[in-house]
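Worksheet: one structure, shown below.
The values are calculated or read from the model by the stated rules, or taken from the named source; none is laboratory data. Treat the numbers as computed from the prediction; the structure is a model and nothing was measured. Counting neighbours? That spans all protein chains shown, and the Cβs are built from the backbone with ideal geometry, glycine included. For accessibility, only protein heavy atoms count, side chains too; no ligands or nucleic acids. Shrake-Rupley method; radii C 1.70, N 1.55, O 1.52, S 1.80 Å.
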Amino acid sequence: MIPGEKIDLGNLDNLVDRHMPFLIRTVSNFTGRYVSVENDEEFSIALLGFTEAVKKYDPEKGSFLSFAKLVMESRLKNYKEQNMRHMQEESLEALQEAGMDFEEKKQSSENDEAENLREEILKYREELLLFGLTLERLADEAPKHSDTRKTAVKAAETASGDEETVEETYRKKKLPIRRVARLAQVTEKVIKNRKSFILAVMIIFVKKYAGLCYWIQGTRCKHVS
C-alpha cells in the first residue's frame, strides 16, 4: 500500500489477508518469538490494532503500513504492561501465601521499587520452572507455622552460601537433602518435608533478588545493595 492510497473499509478481510506477512512479522519482532496466528493472544491484539489503523488512516499523512505498525505496537505495549501487572498481582498473592511479607503501600509509593520487584518476580518464575516449580505450588507447600518457616528459610540461606551445594542443585535440578541437612544442622526429615519450599527460597538467595530477599520475613540477601 502506497502513501495516498485510499482504503476500502468494507474489504477488511481482504486487507488482512493481503498484509498477513506484515502482521506476523510485526508481532514476531515485538515478542521476539514465532507467532501462532490461531493461538497467540498477541496476534489477536495486533489484529485489533490493524483494524483500528485501517479506520483511522489518513492518506495524506504518509504510508499506511508505517501508521499501522505504530498503532499495533502501541496496543501490544499496553497489553504487555497490563499482563505484567496482572501477573505481578497473582505472584504477590502466591508469595504472601508462602509466608513472604509484602507491604503494598511501599510498592505503590515507589514506582522504581515496584518496577524492579515486577521484573524480579518474572525472572524468579522462569528460574523456578527450571526445577519444575511454580509460585502457586510454593504457596501450597509453604510451612504454615512461623517457626517451621523460619527454620526452612535459614536452611535455604545457609545452603545458598555453599558453592558445591548450589552447583549440585542446579546440575541435578533438585535439592541435595543430605548435604543441606548437614549444612543447616538439622535432620534430613526436616529438609525432606520442606524441600520444595527450601529450594524455592534458596534460589532467591542464590540469584540475589534484592526485592524478594528484602521481603522474606526477617531476612535480607547478603552482599546485595
Can you find a residue in segment 123-141 that is at pLDDT below 85, open to solvent by 30 Å² or more (accessible area, probe 1.4 Å), more than 30 Å from Glu167 (Cβ to Cβ) and not charged (D, E, K, R)? no
Please indicate, with yes or no, whether at least one residue in segment 153-165 is under 22 Å from Leu117 (Cα atoms) and modelled with pLDDT under 90. yes
Give all pairs with beta carbons closer than 6 Å in which a residue from segment 129-147 that is over 10 Å from Ala200 (Cα atoms) meets a residue that is part of a helix (DSSP H, G or I) and open to solvent by 20 Å² or more (accessible area, probe 1.4 Å); count only pairs at least 6 apart in sequence or on separate chains. Ala139/Glu97; Pro143/Arg149
Looking at segment 155-193 only, could you name the residues that are buried (at least 17 other Cβ atoms within 10 Å of the Cβ) and touching a residue at least 60 places away in the same chain (Cβ under 8 Å)? Glu157
Scan segment 65-99 residue by residue and report those that are open to solvent by less than 70 Å² (accessible area, probe 1.4 Å), modelled with pLDDT under 85 and assigned to a helix (DSSP H, G or I). Tyr79, Asn83, Met84, Met87, Gln88, Ser91, Leu92, Ala94, Leu95
